[in-house]
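Novice: Dropping the structure in here first, questions after.
The values are calculated or read from the model by the stated rules, or taken from the named source; none is laboratory data. Predicted model only: the values in this text are computed from it and were never measured. Glycine gets a Cβ as well: all are built from the backbone with ideal geometry, and neighbour counts include every protein chain shown. Side chains are part of the model used for accessible areas, which takes the heavy atoms of the whole protein and leaves out ligands, DNA and RNA. Shrake-Rupley method; radii C 1.70, N 1.55, O 1.52, S 1.80 Å.
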Amino acid sequence: MTLDHIGIAVRDIDRALSHYESLVGIECSGRERIDHQGVEVAFIDLGDSKIEFLAPLHEDSPVAKFLEKRGEGMHHTAFLVQDLPAEIARFTAQGYQFLSDEPSVGAGGKQVIFMHPKEHHGVLLELCSKVETENSPSTHS
Ligand code: CMX
């Protein structure tokens, strides 16, 4: 398990990017809408891990609710795992609950699933894994 990214909830993704791009001297590496999560996301790639900026697409988005209640800031931490079903089974066997029955497709086409912050010292946890294709390299980075 490695740190894939930390997610920061922001109101204005362009303003946040402009601030962080000049802060770390690295440009945004990708930007996309994830309609079923109600968010637009943008990444700054820091090598082995990334910062993800999330802005709500509409007021029903979980990120809109987060911003309203808590303001801008750390929204979640995402761990990259090799075998997502095995990790889900491992956490479930330890008594942890996931926020959905199944993973869904997140940024970059990864499989993602979340666990409630109340079970993890106030941090919304995401597990994510790359989807293997026939042409994928055998290493998992
Ligand atoms: N981090 C830490 N605490 C959080 C939180 C977060 N991201 N979101 C909510 N909370 C806190 C609330 O402040 C509240 O605290 P208090 O009880 O002390 O007031 C508590 O958790 C409320 O829990 P809840 O009633 O279940 O709250 P919500 O209805 O706001 O739902 C959550 C929270 C995590 C279940 C919901 O946001 C969710 O299902 N998230 C997963 C999906 C998601 O976040 N998608 C967007 C990102 C997608 C992506 O990155 O691809």
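Novice: If Ala93 satisfies all but one of (1) near the ligand (Cβ under 9 Å from one of its atoms); (2) exposed (fewer than 13 other Cβ atoms within 10 Å of the Cβ), what's the number of the condition it fails?
Specialist: Ala93 satisfies all of (1) near the ligand (Cβ under 9 Å from one of its atoms); (2) exposed (fewer than 13 other Cβ atoms within 10 Å of the Cβ) except (1).
Novice: Turning to a different aspect of this structure: Restricting attention to segment 121-141, and to residues there that are modelled with pLDDT of 95 or more and exposed (fewer than 13 other Cβ atoms within 10 Å of the Cβ), which single residue is nearest to Glu52 (Cα to Cα)?
Specialist: Once the filter is applied, the top-ranked residue is Gly122.
Novice: Turning to a different aspect of this structure: Restricting to segment 29-79, what's the tally of residues that are touching a Leu at 6+ places or on another chain (Cβ under 7 Å), in contact (Cβ under 8 Å) with a residue 40 or more places away in the chain and within 17 Å of His19 (Cα to Cα)?
Specialist: 2
Novice: Could you go through segment 77-86 and let me know if any residue there is open to solvent by 40 Å² or more (accessible area, probe 1.4 Å), under 19 Å from Glu132 (Cα atoms) and in contact with an Asp or Glu (Cβ under 7 Å, 6 or more places away or on another chain).
Specialist: yes
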